[in-house]
Structures are given as structure tokens and as C-alpha cells.
Number of protein chains: 2
Amino acid sequence: MSAPRSLEALIDALRKLPGVGTRSASRMAMHLLQHDRSGAEVLARALQQAAASVRHCSRCYTFTEQEVCDTCLDTTRDATRLCVVETPADQLAMERTGAFQGLYFVLMGRLSPLDGIGPREIGLHKLMDRACDGIVQEVILATSFTAEGEATAHVLSEALKTRGLRVTRLARGVPVGSEIEYVDLGTIAHALADRR
Amino acid sequence: MSAPRSLEALIDALRKLPGVGTRSASRMAMHLLQHDRSGAEVLARALQQAAASVRHCSRCYTFTEQEVCDTCLDTTRDATRLCVVETPADQLAMERTGAFQGLYFVLMGRLSPLDGIGPREIGLHKLMDRACDGIVQEVILATSFTAEGEATAHVLSEALKTRGLRVTRLARGVPVGSEIEYVDLGTIAHALADRR
């Protein structure tokens with residue numbers, strides 16, 4: 001005895017999603033078939049729709065349904081500042097702060113030599129072309145403060161500086177709302193060195 | 001600035017899956033669009049195929065693509081024994097043991113009064129009809145050994161006994177491979193009471 005073929009195929013397809021193992025995939029499939037068949041239809045159409053219409057912005061490389069995304073087309077933004085982020089989610093977080101009025105470049109990843117992701121894969125050339133358009137004056141590196149994010153920032157910084165651009169990095173320091181006692185020592189040391 | 005509309009729709013649809021929150025849904029959507037568009041197509045087709053072709057067996061209520069499932073149609077099986085399980089996954093686990101040659105009835109749930117799942121929702125009437133076909137002599141209750149599974153077994157047992165059927169329950173006891181020291185006390189007490 002085994003599960004019906006189309007149920008097996010569904011479990012297999014769900015298992016390819018990041019963070020989903022055989023058990024979760026099986027649970028998802030059972031749930032959809034038992035309790036939410038219309039949800040299965042909605043998900044199927046959403047997948048097809050997104051796969052067909054979502055593309056990369058030709059200027060900043062973020063996800064968009066247009067040739068150039070709304071942010072890049074927005075002439076009220078400060079085109080002299082370019083913020084480099086790893087993902088569209090990071091870009092969204094920056095936007096939610098309301099503290100940045102410039103434009104973006106989305107790497108869609110970060111350097112990770114062990115996974116075969118080098119400067120070419122994160123689009124270093126595209127970034128260089130974009131940053132050297134004659135309008136951008138400052139590039140703000142907002143990659144993650146992890147080992148890979150820091151390495152990415154370092155490589156980008158070296159490359160961009162050779163073109164005479166001003167390159168800055170988000171400040172490291174104590175997060176808002178933190179009690180000093182519970183902040184990790186590396187962060188306190190950085191906050192002390194960068195005190196103002 | 002916000003994500004493209006079709007990307008938002010995809011994240012919304014993924015978030016409806018059990019165990020998936022906004023962050024996982026977003027991660028899944030980004031992964032599919034960035035690294036696995038063919039996977040998105042495969043998943044969409046698998047969803048539509050399964051939703052269209054998977055139905056319940058008219059005899060045991062498990063998932064199947066036929067009117068009656070292969071297990072119920074298998075004349076080599078012992079039709080005098082009927083094993084009641086909560087889900088097709090439980091049925092598959094029973095089958096994998098190779099220790100049961102009878103037929104099944106799949107409740108597709110368990111009693112959960114707080115969630116509004118009563119005897120009607122788990123198909124008590126269907127089970128009574130199935131068990132009283134004149135061929136079944138013993139009903140083996142293999143619902144979970146949780147509070148809800150035990151309550152389900154109790155209700156089914158009471159109902160089935162009034163029809164003169166022999167009703168048994170999987171044995172409670174120490175799992176194979178366990179060291180007594182690490183087995184919970186309730187299990188040891190049950191294993192002691194049911195010693196043989």
C-alpha cells in the first residue's frame with residue numbers, strides 16, 4: 001500500500017521548499033486535500049502568476065513586474081545615494097524605517113565562497129555599472145552584520161573605492177531598547193570604538 | 001514601496017499552509033522566484049493535479065484516486081479485522097510494520113470537542129456501517145495515545161461494543177529500544193499492569 005500517485009507528487013513538490021522536510025510536506029498536503037482544496041487552487045494560481053510575471057528590475061535588480069521598479073522610477077528620491085542590500089526583504093526593512101530617501105541596489109545574495117557564490121554571482125559588475133552612472137556619489141553598504149555579509153561589504157567597498165565613490169557602512173552598535181548588561185561583548189566593543 | 005502584487009499574493013497563499021508564518025512564506029516565495037522557477041511550476045501543477053484527482057475511498061475513507069482504494073479491493077487481506085486509524089499517515093505506518101493483514105477505516109481526524117470536532121465529524125456513522133457489514137469480527141482501535149486519541153478510542157469502543165463486535169486497542173507499553181530509566185512513569189505503570 002502507498003499513497004495515491006498525485007498525493008506523492010504533491011508531497012515531493014512541497015518538500016523542495018526551503019525549511020520543509022518530508023513530514024511537514026506530508027502534513028501540508030494532507031491539510032490542503034482534507035480541509036482546504038480551494039486554498040490549493042489559490043496557491044497553484046499564485047505560483048503560476050508570480051513565476052510568470054515577477055522579474056528583476058533592470059536598474060536595481062529587485063523583484064518587480066515592470067522593466068524598472070517603482071522605486072527606481074521615483075524622481076523625488078535622492079539619486080546621489082545608493083543603498084546596497086542583500087535581499088528585497090532587507091530593502092523593505094530599510095524602507096519601513098522611513099530614514100532613507102535614496103535608491104537601492106539589491107544583490108540577491110551575499111558572498112559565500114563555500115557555496116560557490118562569488119563576486120560574479122552577486123552581480124558585482126552590475127553594481128559597478130549602476131554605481132558609476134555619474135549621479136551616485138555615496139554607496140551605503142547595508143549587507144548583514146554576519147561573517148558573509150561583512151565579507152561581502154568588504155569586497156564591494158574595495159571595488160567601489162577604486163572608482164572614487166564615497167563608500168559607507170551602516171553603523172555597528174547597541175540596538176535600540178537594549179540593556180547594556182545583555183548586549184554581546186563584540187557589539188559593546190564596536191559601540192565604544194565608534195562612540196560619538 | 002511594497003513587493004510586487006503577484007509576489008504578495010504568493011506569500012499570502014503560502015502563509016495558509018500549516019506551520020508556515022509570514023517569514024517562512026516570504027522565504028519560500030523568494031527562494032522559488034530567485035532559484036527555482038521550475039519548482040514553482042511543478043508545485044503548481046502538483047497542487048492542481050492532486051486537488052482534482054484525490055478523493056476518499058468509499059469504503060475506508062482514506063485518500064485514493066479510485067472509487068475504492070487498492071487496499072479495500074485486495075481480496076487476499078483478512079476482511080474480518082478492521083483497524084481504525086486517524087490519518088492516512090497512521091495507516092501507512094501500520095502497513096510498514098508488515099504485522100497487520102486486515103482492512104482499515106481512516107477517521108481523517110479525532111474527537112476534539114474544543115475545535116468542534118465531534119462524533120459526526122470523524123464519521124462515526126460511516127464507521128458503524130462499515131464495521132457492521134457482517135464480515136468484520138474484530139475492530140482494532142489504533143488512534144493516538146494522546147488525550148484526544150484516547151477519548152476517540154473510548155467513544156468508538158462504546159459504540160462498537162453495542163453492536164456485538166470485538167473491540168481491541170493497541171497495547172500500551174515500553175517502546176522497543178528504550179532503557180527503563182528514561183521511560184515516563186505513566187508508560188511504565190501501564191506496562192506493569194498489562195504485563196504478560
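The values are calculated or read from the model by the stated rules, or taken from the named source; none is laboratory data. Being a predicted model, the structure only gives us computed values, none of them experimental. Here the Cβ is made from the backbone with ideal geometry for all residues, glycine too, and neighbour counts use every protein chain on show.
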| Output for the range A:19-77, where each listed residue is facing chain B (nearest Cβ under 7 Å), among the polar types (S, T, N, Q) and more than 20 Å from the chain's Cα centre (by Cα) | A:24, A:26, A:34, A:48, A:49
| task | Please work out which residue is farthest from the other protein chains (Cβ to nearest Cβ), limiting yourself to the range B:2-14 and to residues that are surrounded by 17 or more Cβ atoms within 10 Å (Cβ to Cβ) and not in a loop (DSSP other than H, G, I, E, B). | result | B:11
| field | Residue that is farther than 21 Å from residue A:156 by Cα and either in contact with a Pro (Cβ under 6 Å, 6 or more places away or on another chain) or hydrophobic (A, V, I, L, M, F, W, C) (or both), where the choices are A:82, A:111, A:107, A:73 | value | A:73
| Hey, any hits in the range A:85-95 for a residue that's of a type in the set (Ser, Thr, Tyr), within 8 Å of chain B (Cβ to nearest Cβ) and closer than 30 Å to residue B:45 by Cα? | yes
| remark: Listed by first then second residue, the pairs whose first member lies in the range B:185-196 and is in a helix (DSSP H, G or I), whose partner is surrounded by 11 or more Cβ atoms within 10 Å (Cβ to Cβ) and modelled with pLDDT of 85 or more, with beta carbons under 6 Å and at least 6 positions apart or on separate chains, are B:190/B:172; B:191/B:173; B:191/B:174
| task | Only residues that are in a helix (DSSP H, G or I) and more than 28 Å from residue A:117 (Cα to Cα): list them for the range B:15-50, please. | result | B:15, B:44, B:45, B:46, B:47, B:48, B:49, B:50
| Which of (1) more than 13 Å from chain B (Cβ to nearest Cβ); (2) surrounded by 19 or more Cβ atoms within 10 Å (Cβ to Cβ); (3) assigned to a loop (DSSP other than H, G, I, E, B) does residue A:122 not meet, given it meets every other one? | (1)
| task | Select from the range A:56-65 the residues that are surrounded by fewer than 19 Cβ atoms within 10 Å (Cβ to Cβ) and in contact with a helix residue (DSSP H, G or I) (Cβ under 8 Å, 6 or more places away or on another chain) and list them in ascending order. | result | A:65
